Amino acid sequence: MKKTIFLLTLLVTVIGFTMPAKAVDLGIRGYYWFTSIDGDFRVDGNGLAGTNLDLENDLGFGDESYPIVEAFLGLGRHHLSFSYYRAEYEGTNVLNRDIIFNGEIFPAGERISSSLNYDT
């Protein structure tokens, strides 16, 4: 009986040392993203060229911060992750010049409200 237990223990030990090690990662983590929005765009329409609009100066968008959630799974050298966040920018501003947007003219001095939302 002792000989059988000894051989079984020896066999398990040898097999354990000869098998390649594999690391498994599984979890959820959170981040907080501090953004700085910057850029410009224009929208043409109805045969009129649009005005270049700056996101900060013309639309009143400012820096924001958003939470991010990530779930991940890793096995050896292979990893899979899924992240999600929703970004929402809003701004209100008084135009300091005439603006053409999608073929419509917005005169200087008019108050505008804008928003930009996206999910990633």
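The values are calculated or read from the model by the stated rules, or taken from the named source; none is laboratory data. These figures come from a predicted structure and were not determined experimentally. With ideal geometry, Cβ positions are generated from the backbone for all residues, glycine too; neighbour counts draw on all protein chains shown.
Can you work out which of the residues in the range 17-53 that are over 22 Å from the mean Cα position of the chain (by Cα) and in a strand (DSSP E or B) is modelled with the lowest pLDDT? Going through the qualifying residues, I end up with Val24. If the condition is being under 30 Å from Leu48 (Cβ atoms) and among the hydroxyl-bearing types (Ser, Thr, Tyr), then the range 65-120 contributes Tyr89, Thr92, Ser113, Ser114, Ser115, Tyr118. The residues in the range 54-109 that are surrounded by 14 or more Cβ atoms within 10 Å (Cβ to Cβ), in a loop (DSSP other than H, G, I, E, B) and either among the aromatic types (Phe, Trp, Tyr) or more than 24 Å from the chain's Cα centre (by Cα) (or both) can be counted, and the count is 4.
If you check Leu73, Leu95, Leu116, Leu59 for being at pLDDT below 95, closer than 30 Å to Leu26 by Cα and among the hydrophobic types (A, V, I, L, M, F, W, C), only one passes: Leu73.
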